[in-house]
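I have a structure here, written as C-alpha cells, and I will follow up with some questions on it.
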Amino acid sequence: MAISSSLNGVFRRVPTAPIYILCAAHLSWLFYSAATGGMGPEPIKALEHAYGETGLKLLVLTLAVTPLRKYTGVSLLKFRRALGLSAFFYILAHLAVWLVLDVQLIGQIWADIIKRPYITVGMAGFAALLPLAVTSNNASIRKLGAAGWRKLHKLTYLAALLGGAHYIMLVKGIQLEPLVYMAVIVGLLATRSRVGLGIRGDSPRKS
C-alpha cells in the first residue's frame, strides 16, 4: 500500500501531454520508416500492421487501468483518456493507410468491407470507438449526464473484443500472438466487478 501510494503521488505530478507527444512522434516515425524503405519489401502492409497493433496495445492498456487500481492500488486514471484517444488515433491511421494507400478504389473498399469478414469486424470495432473518442470530454459528460456517458462508454468493451477478433481473423492460420491479445482482453474484462470504463481519463464529473 505504501508503494502504491508513493507511485500515485508521483503520477499525480506527471502531465498527460507527453503521451500525446510521444504517440504523435511514433506515428510520424513509423510513416517515415515505411516511406524510406525501413519496413521491408511491403511497406504499406507493414505500416498498416504497425499502426493497428500499436492501437490495440494502447486499447489493452486502457482496459487495464481499472483492474490495476483494483488489485494493486496503483491509479493511472488520469492517463486513461490520453491512452484511449491515442489508441483511437493509431487505429484511425491504420484505417487511413488501408483506405488511401492499400485499397485506394472506393468501389473495392465497400466490396472488401462486405465480403471479407475480418474487415467487417475491424470496421465494426472502429465504429464502436468513434463515439467514445468524440465524447471523451467534459462537455459531452455534461450533455449526456454521468449515467448516459457511462452507458455509452460500455462500447469500449465491444471495441476491444472486435479489435482482438479482427487481429485473429487477419493472420493466416493459428498464430499465438493474436490469441494472446484476445486472452488478455477477455481476462481484463473478466476482472471488472462493475462497468464504467471509457476513453476519458477519470470518473465522470462536472468541472
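The values are calculated or read from the model by the stated rules, or taken from the named source; none is laboratory data. Bear in mind that the values here come from a model prediction, so they are computed numbers and not experimental data. Cβ coordinates were reconstructed from backbone atoms using ideal geometry, including for glycine residues, and neighbour counts include every protein chain displayed. To get the accessible areas, we keep the full protein, side chains included, count just its heavy atoms, and leave off ligands, DNA and RNA. Shrake-Rupley method; radii C 1.70, N 1.55, O 1.52, S 1.80 Å.
Please list, or write none, the lysines whose alpha carbon is within less than 19 Å of the alpha carbon of Lys78, excluding same-chain residues fewer than 8 places away.
Within the straight-line limit of under 19 Å, Lys78 reaches these lysines: Lys57, Lys70, Lys154, Lys206.
Given the Cα-Cα distance of His26 and Ile106 and 0.36 nm per residue of separation, how much length would full extension add, in nm?
25.9 nm
While we're looking at this one, here's another question. Quickly estimate the mean residue ellipticity at 222 nm for the chain, helices only: each DSSP H run with n ≥ 4 gives -39500 (n - 2.57), and the total goes over all residues, rounded to 500.
Rounded to the nearest 500, it is -24000 deg cm²/dmol.
Further question: Ordered by packing density, taken as the mean number of other Cβ atoms within 10 Å over each peptide's residues, highest first, how do 163-170, 2-9 rank?
Packing proxy ranking, top to bottom: 163-170, 2-9.
Taking a probe of 1.4 angstrom, what is the accessible area of Val134 in Å², to the nearest 10?
100 Å²
Assuming 0.36 nm per residue, please report the length gained on full extension of the stretch Ala35 to Lys115 beyond their Cα-Cα distance.
Between Ala35 and Lys115, full extension yields 25.8 nm more.
Ok, one more. Could you check the spin-label model distance between Lys57 and Leu158? Points 7 Å from the Cα along Cα→Cβ, value in nm.
If labels sit at Lys57 and Leu158, their model points lie 2.8 nm apart.
Moving to a separate point now. Among Pro43, Pro18, Pro67, whose mean-square fluctuation peaks in a Gaussian network model of the chain (Cα, cutoff 10 Å)?
Checking each option, the largest mean-square fluctuation is seen for Pro18.
If you don't mind, another one. Peptides 114-122, 78-86: what's the order by average Cβ count within 10 Å, highest mean first?
Packing proxy ranking, top to bottom: 78-86, 114-122.
Evaluate 2.2 N^0.38 Å with N set to the residue count of the chain, then give the Cα radius of gyration divided by it.
For the chain, the normalised Cα radius of gyration is 1.07.
Counting Lys and Arg as +1 and Asp and Glu as -1, what is the net charge of the other residues whose Cβ lies under 11 Å from the Cβ of Ala96?
-2
Using only the alpha-carbon atoms, how far is helix 43-72 inclined from the longest principal axis of the chain? Give it as 0 to 90 degrees, nearest 10.
Result, in degrees: 20.
Tell me the angle of helix 2-13 to the major Cα principal axis of the chain, expressed in degrees between 0 and 90 and rounded to the nearest ten.
For helix 2-13, the angle is close to 70 degrees.
Can you tell me the FRET efficiency between Val134 and Lys78 if r is taken as the Cβ-Cβ distance and R0 is 22 Å, rounded to the nearest 0.05?
0.60
With every protein chain present, what is the per residue accessible area of the chain (1.4 Å probe, Å²)?
Per-residue value: 54 Å².
Moving to a separate point now. Scattering from the C-alpha atoms of region 99-178 alone, worked out with Debye: what is log10 I(q)/I(0) at q = 0.13 1/Å?
For region 99-178, the Cα-only Debye profile gives -0.54.
Sticking with this structure for a sec: Taking just the alpha carbons, could you work out the radius of gyration and Dmax for region 1-103, both in angstroms?
Cα-based Rg and Dmax for region 1-103 come out at 16.5, 53 Å.
Then there is this: Run the accessible area of the chain with a 1.4 Å probe and give the carbon-and-sulfur part as a rounded percent.
In the chain, the share of accessible area belonging to carbon and sulfur is 70 percent.
Taking 7 Å along the Cα-to-C-beta vector as the label spot, tell me the Val171-Asn8 distance in nanometres, rounded to one decimal.
So the label points at Val171 and Asn8 sit 3.7 nm apart.
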